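The values are calculated or read from the model by the stated rules, or taken from the named source; none is laboratory data. Keep in mind that this is a model prediction, so the values were computed, not measured. For neighbour counting, all protein chains shown are included, and Cβ atoms are generated from backbone atoms with ideal geometry for every residue, glycine included.
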Amino acid sequence: MKEETLPGYSHNESLDRAGLARYVLAATLARLADGGGVLAVILLCVADSHSAGWAGTLAACITLPHLAGPFIARRLDTAHDSRWVIAAACLIHTGLIVAATLTFSRVPLSMTGGLLAGAGLCGPLLTGGISTHLPAIAGRSRDDQRRVHGWDVATYGLGGTVGPALVAALAAWFSPSAALYTLAGATAMAAYFILRIPVPSAASADEKRHVPGTVATMLLLVRNPRLRRTLYLTVAVAFCVAVLPITAVSLATALGVAATTAACLTVAYGSGNLVGSVCLMIRPLVGEPDTLMTRFACFITAGVFLIMLNMHFVVLLMLFFVTGMLNAGFFGATLAARSEYSPSACRGQVFVWVGAMKITAGSLGTAAAGRLMLTDSVWPLAMGIIVLAIFIGVALTEQTLYSLHALNDDERERPT
């Protein structure tokens, strides 16, 4: 059986393993900084009694600028070599984090917030922007494309788990400032490895002139049925799973365990995500990303529903672990959808748009869960299930209508 290939992705016919190794190093280092930055800033503020009240505001200065990512992502598609764009973003991020740390408590906190916001603007290029280089590494084989998506999911998982753990350890052993300097160093090292991943296929001057703008790309995401489903299912799943860390801590009383013990549920979820990414490397996803996304979203809904019904700690550990694995599969499917359904002229912008909306949805889910947790620990889970189920229903309806429309077109074209 001939292996399926994807045209227009790379000048390489096969997977570039050395390039993949450098990509994994670059992406992991960059996402360590992105994953641990918020905690490091909070710890820095808490360590200074005069700034403790600013902890949430300064942390938001790093995350909120992700919303502006799509407005700067066009440069990825118009640049002659987008590796330099991302490397420059890494170095700017490093410089701003170092400046914010050095001047903290010596300048007005509003100035510190401005420096952190500048670093936050680089965040989308350190996350979704790096992923746009996967096609140049994987070659034309669909299996290899899906396999490198598993590696990419793993780098996100490492960034989200190892990053905060590294920050917590360095803050305890040395100081929060040392943690921030370490994250800044990791980002600078990421710039070095990014410049050593395979060169992306160069677009012609005419193609660069016709790269759509930010608004045009957003309209494409809305009008293209498969990209539209990629966007809103990504947002819905991010909103739903964002309630799990909040719920894990709030369940401590109901489970009769300490809050620190209940936090192990979040560790189980993160571990499941990493194991799921390894599974994607060993056995890549098979099938259309559009169908896979809907299927995994249904499984995640079922997992969160079972979490809501159970109040046994060991069972919950297993359910959090499995849900983490399912989320890794869903993430792999969305990466495949972004790669395979996006026009090459604006693939970078599509990656960053979806990534920015995902982060925003996760922040909203966390905030909403924090509010509802004051009423009952079950309500955040119920809210996440309802939101995700609604969007799954919309996706299934769209897919059914599209199938019926295609069937009717075939019957009309069939000779009598």
Fill in the blank from the handout: Per the filter on the stretch 256-269, residues in a helix (DSSP H, G or I), modelled with pLDDT under 85 and of a type outside the set (A, V, I, L, M, F, W, C) are T260, T261, T266
Problem - The lone exception for R106 - which of (1) of a type in the set (K, R); (2) over 30 Å from D16 (Cβ atoms); (3) touching a strand residue (DSSP E or B) at 6+ places or on another chain (Cβ under 9 Å) it fails - result: (3)
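Table: residues versus (1) under 25 Å from Q349 (Cβ atoms); (2) among the aliphatic types (A, V, I, L, M); (3) touching a residue at least 12 places away in the same chain (Cβ under 8 Å).
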{"site": "L44", "(1), (2), (3)": "no, yes, yes"}
{"site": "H66", "(1), (2), (3)": "yes, no, yes"}
{"site": "D81", "(1), (2), (3)": "yes, no, yes"}
{"site": "A89", "(1), (2), (3)": "yes, yes, yes"}
{"site": "T103", "(1), (2), (3)": "no, no, yes"}
Practice task
Go through T127, T112, T57 for me and flag whichever is surrounded by fewer than 24 Cβ atoms within 10 Å (Cβ to Cβ), touching a residue at least 24 places away in the same chain (Cβ under 8 Å), assigned to a helix (DSSP H, G or I) and β-branched (V, I, T).
Solution key: T57
Handout entry: Candidate set: the stretch 339-385, residues that are modelled with pLDDT of 80 or more and assigned to a loop (DSSP other than H, G, I, E, B); chosen: the one surrounded by the fewest Cβ atoms within 10 Å (Cβ to Cβ)
Key = P343
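With respect to T334, is the statement that it is of a type in the set (V, I, T), within 17 Å of the chain's Cα centre (by Cα) and at pLDDT 90 or above true? Full working, then the answer.
On the way: of a type in the set (V, I, T): yes; within 17 Å of the chain's Cα centre (by Cα): yes; at pLDDT 90 or above: yes.
Judged against the criteria, T334 is a match.
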Exercise for the section: Determine which member of the set P245, P284 is assigned to a loop (DSSP other than H, G, I, E, B) and modelled with pLDDT under 85. Expected result: P284
Problem - From the options T182, T161, T155, T187, residue that is surrounded by fewer than 21 Cβ atoms within 10 Å (Cβ to Cβ), under 20 Å from the mean Cα position of the chain (by Cα) and of a type in the set (S, T, Y) - result: T161
